[in-house]
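Data first, discussion second: the structure below is written as structure tokens.
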Amino acid sequence: MPTPASAPTPTPTPNGFTFKDWEEHPVGPEGVFPRLARATVTNAFTGALTAPATTCAYTVAYTGDSTGTFTGMELVTGTVDGREGAFVLEERGTFDATGTHCTFTVVPGSGTDGLTGLGGSGSFAHRYGDTSVEYAFDYAFTDAAAGAAAVPATAQSA
């Protein structure tokens, strides 16, 4: 996956994230296709999901110079609708010369503290050159301990 371009200080979208750090390492020989790489990434989320610095690890499969697929796990520590805690997102996506498309799902049972019982999924599309990426996140909290039903919420970008 091509490394996102760095920009001085991006203006975040209401439900968006910015790349704070991107480090990629080849796995196996370079210059041949298909080929694999590992990437570690730090993102900063704003909006309904707020996290100043996530931790993400991707496995990237290049099928060409700027095309391929990726999977990853992202540890998010922050808030969702003002509730604090941590959870993990499982991510899958594709990329080409124009940008990246990704879907993600909350790993069941990964929510801690105020985010216990969090479930949901979302997506984003990143165009190369953009400094902030809008995301959509449909989520619900299930508080089994209190006997409450799921409380659905949506964080959609306009």
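The values are calculated or read from the model by the stated rules, or taken from the named source; none is laboratory data. Fair warning: this is a prediction, and the values are worked out from it, not measured in the lab. Ideal geometry is used to build each Cβ from the backbone, glycine not excepted, and the neighbour counts take in all protein chains shown. We work out accessible area using only protein heavy atoms, side chains counted, and drop any ligands, DNA or RNA first. Shrake-Rupley method; radii C 1.70, N 1.55, O 1.52, S 1.80 Å.
Numerical summary
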| item | result |
| --- | --- |
| Within the stretch 102-121, tally of residues that are under 16 Å from the mean Cα position of the chain (by Cα) and β-branched (Val, Ile, Thr) | 4 |
| Tally, over the stretch 13-28, of residues that are open to solvent by 70 Å² or more (accessible area, probe 1.4 Å) and over 19 Å from Arg83 (Cβ atoms) | 4 |
| Filtered residues of the stretch 90-139 (kept if part of a loop (DSSP other than H, G, I, E, B), buried (at least 16 other Cβ atoms within 10 Å of the Cβ) and among the aliphatic types (A, V, I, L, M)) | Val107 |
| Residue in the stretch 36-46 that is at pLDDT below 95 and over 11 Å from the mean Cα position of the chain (by Cα) present | yes |
| Enumeration of residues in the stretch 42-74 that are among the β-branched types (Val, Ile, Thr), crowded, with 18+ Cβ neighbours inside 10 Å and within 25 Å of Gly114 (Cβ to Cβ) | Thr46, Thr54 |
| Failed condition for Asp81, given (1) under 18 Å from Leu118 (Cα atoms); (2) open to solvent by 80 Å² or more (accessible area, probe 1.4 Å); (3) within 13 Å of the chain's Cα centre (by Cα) | (3) |
| Qualifying residue in the stretch 29-41 (condition: within 20 Å of Val107 (Cα to Cα), of a type in the set (A, V, I, L, M) and open to solvent by 70 Å² or more (accessible area, probe 1.4 Å)) | no |
